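The values are calculated or read from the model by the stated rules, or taken from the named source; none is laboratory data. Remember, predicted model here, so these are calculated numbers, not experimental data. Cβ sites come from the backbone with ideal geometry, for glycine too, and all protein chains shown count toward neighbours. Ligands, DNA and RNA are stripped out before the accessible areas are found, and what is left, the full protein with its side chains, is counted by its heavy atoms. Shrake-Rupley method; radii C 1.70, N 1.55, O 1.52, S 1.80 Å.
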Amino acid sequence: MVNDSVPDAEVVARVLGGDGEAFGILIRRYEPGLLRFATRMLGNPDAAADAVAESLVRAYRHLAQCRDPGRLRSWLYRITGNRCRSHLARRRTSDISLSEAPPLADPSDAWAVVERGEQVALVERALSALPEEKREAFVLKHVEGMSYEEMAQVTGARIPTLKMRVHRAREALLAALQELV
Amino acid sequence: MMLDAGGGMSPIDPRLQEALDNERDPGDLPADQQDAYARLMTAATLLSAKPAVSVADRVMAEIRAMPQQLHTGNRWRRAARWLTRPLAVTLRLRPAWTLGLAAAGLAAILLLPGDENGPELPRASEGVAQFVGHFPGAQSVEVVGSFNNWSRGKLHLRDENHDGIWHGDAVLPAGQHEYMFVVDGERWVADPLAGRYVDDGFGVGRQNAVLIVRQASSEDTPQQ
């Protein structure tokens with residue numbers, strides 16, 4: 001078994017060489033971000049978990065098709081993004097319930113829970129009102145902390161297009177988040 | 001705030017966009033823009049909480065249930081039986097200009113003596129697929145696809161005449177398969193002669209070639 005500090009490309013080589021358990025390292029490495037990304041895209045943690053699980057299994061099955069294991073993160077986000085788009089295409093936007101997307105963390109302080117929960121709900125409501133492409137761009141940029149170059153690898157969109165989507169998303173969110181302190 | 005007179009959103013100051021893109025120190029922004037900057041950063045932070053759930057066990061259980069040969073399994077070779085039994089091979093040719101290329105590849109296969117790289121004998125549910133590609137100057141060409149889990153090193157094409165026409169064949173399960181050529185170990189190329197393609201699911205505009213293999217028992221004819 002390889003340890004968690006091994007580069008992605010080496011872990012991929014181990015998996016392709018027959019060490020299927022090594023794929024668990026890649027799951028531990030990228031699952032939190034993928035789940036967060038999918039949750040923000042779908043607005044539903046259960047649907048997000050399904051999308052990420054399906055994406056990771058698909059990634060495992062097609063791991064040899066990952067043409068640049070050094071960019072595995074982008075590849076995984078691309079698969080997950082495609083899966084999210086498929087989920088969204090199968091249901092109407094109105095089916096997305098903000099109440100289904102509770103805060104992802106569990107602060108210990110009761111007041112903090114209430115206050116943070118309200119703030120998260122406010123932000124999620126504003127985010128879910130964005131068109132899908134702008135929502136994706138904002139989440140990849142500001143939640144997942146990607147560069148525009150990496151976002152281009154994930155989405156297939158050109159960098160100027162992505163910058164415009166992020167800028168428009170910021171404008172829309174600012175307009176909607178006047179109550180956020 | 002950024003609402004215009006009509007109640008809609010208005011463009012925000014380019015300096016604020018630059019700060020949000022890490023191209024400007026947010027400390028240099030005017031006070032109202034620093035407030036907007038902080039509001040957006042707070043929103044991003046609220047959305048960045050670590051998920052409380054995990055799908056790791058579920059995914060690993062599904063992976064462990066898969067065949068162990070998914071990435072590494074060796075194909076059951078029956079080359080000897082293949083070499084002792086005549087096998088008719090026909091191609092459904094597409095555009096007329098492909099005739100020469102395909103015929104050259106077919107002739108190379110039929111005229112040259114069989115070798116240890118020849119295909120296996122197809123079973124009832126299998127057929128023979130032939131691959132032909134024109135890659136002048138290439139040092140190696142191989143085929144990866146859904147039939148070998150996109151694994152390299154399993155299906156190499158040959159160019160005995162060094163004329164740039166690479167060919168090879170393989171026994172595959174009857175049905176539809178997706179595939180790509182890998183040229184010189186690094187360049188992935190969709191077969192320009194495939195005639196049928198599907199999106200590969202990993203990016204805009206990226207496509208895999210498609211081949212359809214017929215059961216050898218019905219016609220002994222591969223179709224690509």
List the helices (runs of 4 or more DSSP H) that sit entirely inside region A:131-181 and contain at least 2 residues that are at the interface with chain B (Cβ under 8 Å from one of its Cβ atoms) and aliphatic (A, V, I, L, M). A:159-176
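For (1) of a type in the set (A, V, I, L, M, F, W, C); (2) under 18 Å from A:Ala137 (Cα atoms), each residue gets a yes or a no:
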| site | (1), (2) |
| --- | --- |
| A:Arg14 | no, no |
| A:Ala48 | yes, yes |
| A:Ser55 | no, no |
| A:Arg58 | no, no |
| A:Cys66 | yes, no |
| A:Arg73 | no, yes |
Assess whether A:Arg36 counts as being at pLDDT below 95, open to solvent by 10 Å² or more (accessible area, probe 1.4 Å) and closer than 27 Å to A:Ser128 by Cβ. no
Inspect all residues belonging to region B:95-105 and state whether any of them is more than 10 Å from every other protein chain (Cβ to nearest Cβ) and either under 22 Å from B:Phe147 (Cβ atoms) or at pLDDT 65 or above (or both). yes
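Listed here are the residues, each with its yes/no results for (1) in contact with a Pro (Cβ under 8 Å, 6 or more places away or on another chain); (2) loosely packed, with under 14 Cβ neighbours inside 10 Å; (3) modelled with pLDDT of 80 or more.
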position: A:Asp109; (1), (2), (3): no, yes, no
position: A:Val113; (1), (2), (3): yes, no, no
position: A:Gln119; (1), (2), (3): no, no, yes
position: A:Leu122; (1), (2), (3): no, no, yes
position: A:Arg125; (1), (2), (3): no, no, yes
position: A:Glu133; (1), (2), (3): no, no, yes
position: A:Phe138; (1), (2), (3): no, no, yes
position: A:Glu144; (1), (2), (3): no, no, yes
position: A:Glu149; (1), (2), (3): no, yes, yes
With the requirement that a residue be assigned to a helix (DSSP H, G or I), in contact with a helix residue (DSSP H, G or I) (Cβ under 6 Å, 6 or more places away or on another chain) and either open to solvent by 80 Å² or more (accessible area, probe 1.4 Å) or polar (S, T, N, Q) (or both), what does region B:11-65 give you? B:Gln17, B:Gln33, B:Arg58, B:Glu62
Can you confirm whether region B:173-186 contains a residue that is over 15 Å from the mean Cα position of the chain (by Cα), of a type in the set (Asp, Glu) and surrounded by 15 or more Cβ atoms within 10 Å (Cβ to Cβ)? no
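Residue by residue, here is whether (1) open to solvent by less than 40 Å² (accessible area, probe 1.4 Å); (2) in contact (Cβ under 8 Å) with a residue 24 or more places away in the chain holds:
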residue: A:Val6; (1), (2): yes, no
residue: A:Tyr60; (1), (2): yes, yes
residue: A:Arg73; (1), (2): no, yes
residue: A:Ile79; (1), (2): yes, yes
residue: A:Arg85; (1), (2): no, yes
